[in-house]
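See below for the structure under consideration.
The values are calculated or read from the model by the stated rules, or taken from the named source; none is laboratory data. Not measured: the values here are computed from a predicted model. Here the Cβ positions follow ideal geometry from the backbone for every residue, glycine too, while neighbour counts run over all protein chains shown.
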């Protein structure tokens with residue numbers, strides 16, 4: 001589990017509301033307004049869904065889980081595996097990798113192994129795997145953009161929420177005390193919007209983009225390794241070339 005996602009969000013909210021309480025504010029009576037949250041979150045997500053192609057919706061949900069449980073990418077371990085595969089191919093031929101292809105956990109690497117066993121040409125393998133890599137990366141980047149765009153929509157929706165609340169307040173000016181409290185309440189939507197944009201949506205978008213780039217780099221390393229094996233590269237040379245992907 002990526003504890004930094006949770007720690008960062010909790011720390012941010014605690015710092016903001018802790019500072020507010022330290023200044024003498026009462027969060028329960030003034031800041032807790034579920035309808036304002038509904039306007040901000042519902043309105044922002046609604047805007048995001050309008051701009052999200054239907055085919056990407058499921059992938060966004062799937063990708064969001066990576067914020068808390070990121071994919072396990074171990075370049076060193078995968079390089080060791082590919083060096084072993086190159087040694088097997090050198091001793092037994094590409095057909096010797098058939099058993100390995102059935103037990104490999106990584107689905108992307110498993111696909112490459114199957115193409116090796118089928119005797120595909122190196123360039124054909126590269127083309128097929130790179131197309132899949134780019135398709136997967138584009139979907140991941142689209143998920144990161146979804147949250148980044150929510151971070152842009154939220155402040156505007158917050159202003160709309162504040163204006164709507166002010167309309168309600170101005171509809172009854174008979175009690176000056178209620179007017180002051182109503183105006184303070186109206187700005188809660190703006191506070192919620194800025195908090196959700198800067199402590200949730202925008203950071204999530206940034207993190208998902210970083211994860212997408214890391215996963216694409218990992219997959220590109222697999223492509224290079226599989227192509228080198230298909231080309232009959234010496235295992236030692238293969239390892240030397242792939243070690244540059246380690247960080």
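Yes/no per residue for (1) assigned by TED's automatic domain parsing to the domain that holds residue 192; (2) within 21 Å of residue 213 (Cα to Cα); (3) touching a strand residue (DSSP E or B) at 6+ places or on another chain (Cβ under 7 Å); (4) touching a residue at least 40 places away in the same chain (Cβ under 8 Å):
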position: 19; (1), (2), (3), (4): no, no, no, no
position: 38; (1), (2), (3), (4): yes, no, no, no
position: 41; (1), (2), (3), (4): yes, no, no, yes
position: 70; (1), (2), (3), (4): yes, yes, no, yes
Please work out which residue is modelled with the lowest pLDDT, limiting yourself to the stretch 225-247 and to residues that are in a helix (DSSP H, G or I) and surrounded by fewer than 18 Cβ atoms within 10 Å (Cβ to Cβ).
245
On the basis of being out of contact with any strand residue (DSSP E or B) (no Cβ under 9 Å at 6 or more places or on another chain), surrounded by fewer than 19 Cβ atoms within 10 Å (Cβ to Cβ) and either closer than 19 Å to residue 133 by Cβ or at pLDDT below 95 (or both), does residue 215 make the cut?
no
Please give the number of the condition residue 14 fails out of (1) assigned to a helix (DSSP H, G or I); (2) touching a residue at least 12 places away in the same chain (Cβ under 8 Å); (3) over 21 Å from residue 153 (Cα atoms).
(2)
Examine the stretch 187-198 for a residue that is closer than 30 Å to residue 81 by Cα and either modelled with pLDDT of 90 or more or in contact with a helix residue (DSSP H, G or I) (Cβ under 6 Å, 6 or more places away or on another chain) (or both), and state whether such a residue exists.
no
Considering only residues of the stretch 114-137 that are farther than 14 Å from residue 219 by Cβ and touching a helix residue (DSSP H, G or I) at 6+ places or on another chain (Cβ under 6 Å), which is surrounded by the fewest Cβ atoms within 10 Å (Cβ to Cβ)?
114
Quick one: which helices (runs of 4 or more DSSP H) lie wholly within the stretch 31-146 and hold at least 2 residues that are more than 18 Å from the chain's Cα centre (by Cα) and over 30 Å from residue 21 (Cβ atoms)?
43-50, 75-92, 98-103, 107-117
